[in-house]
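Read through the structure below, which is laid out as C-alpha coordinates, and then see the notes.
The values are calculated or read from the model by the stated rules, or taken from the named source; none is laboratory data. Computed from a predicted structure; not experimentally measured. Ideal geometry is used to build each Cβ from the backbone, glycine not excepted, and the neighbour counts take in all protein chains shown. Accessible surface is based on the protein model in full, side chains and every heavy atom, while ligands, DNA and RNA are left aside. Shrake-Rupley method; radii C 1.70, N 1.55, O 1.52, S 1.80 Å.
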Amino acid sequence: MELQPIYIQILALVIFTIGLIVALSRRNIFFVLMGIELALNAVNLSFVGFAKTLPADLSVAGQIFPLFSIAVAAAEACVGLALVILIFRNRESVDSDNYSNMKG
(Lines give C-alpha, C1' and ligand atoms only; values in the text may rest on other atoms or scores of the structure.)
Protein backbone atom coordinates (compact mmCIF):
# COMPACT_ATOMS: atom_id res chain seq x y z
CA MET A 1 0.00 0.00 0.00
CA GLU A 2 1.41 3.35 -1.06
CA LEU A 3 0.83 6.53 0.89
CA GLN A 4 -1.23 8.93 -1.21
CA PRO A 5 -0.01 12.56 -1.49
CA ILE A 6 -3.42 13.89 -0.41
CA TYR A 7 -2.92 12.35 3.03
CA ILE A 8 0.44 14.08 3.37
CA GLN A 9 -1.18 17.39 2.45
CA ILE A 10 -3.99 16.86 4.95
CA LEU A 11 -1.44 16.11 7.67
CA ALA A 12 0.53 19.24 6.69
CA LEU A 13 -2.69 21.28 6.84
CA VAL A 14 -3.52 19.98 10.32
CA ILE A 15 0.00 20.69 11.60
CA PHE A 16 -0.02 24.16 10.02
CA THR A 17 -3.39 24.92 11.60
CA ILE A 18 -2.17 23.83 15.03
CA GLY A 19 0.95 25.98 14.65
CA LEU A 20 -1.10 28.98 13.54
CA ILE A 21 -3.55 28.63 16.42
CA VAL A 22 -0.73 28.33 18.93
CA ALA A 23 1.10 31.34 17.49
CA LEU A 24 -2.00 33.52 17.54
CA SER A 25 -3.57 32.46 20.82
CA ARG A 26 -0.66 32.29 23.27
CA ARG A 27 0.82 35.22 25.12
CA ASN A 28 4.04 33.48 26.11
CA ILE A 29 6.65 34.38 23.49
CA PHE A 30 8.22 30.91 23.58
CA PHE A 31 4.90 29.33 22.58
CA VAL A 32 4.54 31.90 19.80
CA LEU A 33 7.97 30.98 18.44
CA MET A 34 7.18 27.26 18.71
CA GLY A 35 3.91 27.79 16.83
CA ILE A 36 5.74 29.59 14.03
CA GLU A 37 8.30 26.79 13.81
CA LEU A 38 5.51 24.19 13.71
CA ALA A 39 3.82 26.02 10.84
CA LEU A 40 7.12 26.25 8.97
CA ASN A 41 7.70 22.51 9.40
CA ALA A 42 4.22 21.86 8.02
CA VAL A 43 5.14 23.82 4.89
CA ASN A 44 8.32 21.75 4.57
CA LEU A 45 6.24 18.58 4.85
CA SER A 46 3.97 19.91 2.12
CA PHE A 47 6.96 20.53 -0.18
CA VAL A 48 8.17 16.97 0.33
CA GLY A 49 4.64 15.65 -0.23
CA PHE A 50 4.34 17.50 -3.52
CA ALA A 51 7.82 16.36 -4.54
CA LYS A 52 6.60 12.77 -4.23
CA THR A 53 4.18 13.35 -7.12
CA LEU A 54 6.87 14.65 -9.50
CA PRO A 55 9.21 12.58 -11.66
CA ALA A 56 12.53 11.57 -10.09
CA ASP A 57 14.67 14.30 -11.65
CA LEU A 58 12.27 17.08 -10.59
CA SER A 59 11.56 15.50 -7.22
CA VAL A 60 15.05 16.34 -5.99
CA ALA A 61 14.32 20.07 -6.03
CA GLY A 62 11.23 19.55 -3.88
CA GLN A 63 13.31 17.69 -1.35
CA ILE A 64 16.32 20.04 -1.31
CA PHE A 65 14.31 23.22 -0.74
CA PRO A 66 13.10 22.07 2.73
CA LEU A 67 16.73 21.46 3.72
CA PHE A 68 17.57 25.11 3.03
CA SER A 69 14.37 26.16 4.75
CA ILE A 70 15.28 24.17 7.86
CA ALA A 71 18.75 25.76 7.90
CA VAL A 72 17.25 29.25 7.69
CA ALA A 73 14.68 28.35 10.37
CA ALA A 74 17.43 27.16 12.70
CA ALA A 75 19.30 30.43 12.27
CA GLU A 76 16.07 32.38 12.77
CA ALA A 77 15.31 30.43 15.93
CA CYS A 78 18.77 31.18 17.34
CA VAL A 79 18.46 34.89 16.64
CA GLY A 80 14.88 35.01 17.92
CA LEU A 81 15.78 33.19 21.12
CA ALA A 82 18.75 35.50 21.69
CA LEU A 83 16.47 38.53 21.28
CA VAL A 84 13.93 37.06 23.70
CA ILE A 85 16.64 36.39 26.28
CA LEU A 86 17.97 39.95 25.99
CA ILE A 87 14.51 41.46 26.32
CA PHE A 88 13.73 39.14 29.23
CA ARG A 89 16.77 40.48 31.06
CA ASN A 90 15.41 44.01 30.74
CA ARG A 91 11.65 43.39 31.19
CA GLU A 92 11.77 40.21 33.33
CA SER A 93 8.77 38.75 31.52
CA VAL A 94 8.13 36.51 28.51
CA ASP A 95 4.61 37.89 28.00
CA SER A 96 4.20 39.06 24.40
CA ASP A 97 2.11 42.06 25.50
CA ASN A 98 5.24 43.53 27.09
CA TYR A 99 6.88 43.66 23.67
CA SER A 100 4.16 45.80 22.13
CA ASN A 101 5.39 49.00 23.80
CA MET A 102 8.73 48.71 21.96
CA LYS A 103 7.20 50.31 18.86
CA GLY A 104 9.05 53.34 17.60
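When shorter helices are ignored and each DSSP H run of at least 4 residues is given -39500 (n - 2.57), the per-residue value for the chain at 222 nm works out to -28000 deg cm²/dmol. Modelled spin-label separation between K52 and I6, with each label point placed 7 Å from Cα along the Cα-to-Cβ direction: 1.4 nm. Per residue, the chain exposes an accessible area of 71 Å² to a 1.4 Å probe, with every protein chain left in place. Between D95 and L24, what's the calculated FRET efficiency when r is the beta-carbon distance and R0 is 25 Å? Round to 0.05. With a Förster radius of 25 Å, E is 0.95. In this structure, S59 and I87 have a Cβ-Cβ separation that, at R0 = 30 Å, corresponds to a calculated FRET efficiency of about 0.10.
Please list log₁₀ I(q)/I(0) at q = 0.20, 0.25, 0.31 Å⁻¹ for the stretch 34-88, using the Debye equation with identical point scatterers on the alpha-carbon positions. The computed values of log10 I(q)/I(0) come out as -0.72, -0.92, -1.13.
Taking only protein heavy atoms and a 1.4 Å probe, the accessible area of the chain is 72% carbon and sulfur. Each pair of Cα atoms in the chain enters the Kirkwood radius, and Stokes-Einstein at 4 °C and 1.567 mPa s then converts it into a translational diffusion coefficient of 84 µm²/s.
Comparing L13, L67, L45 in a Gaussian network model of the chain where C-alpha atoms under 10 Å apart are linked, the largest mean-square fluctuation is found at L67.
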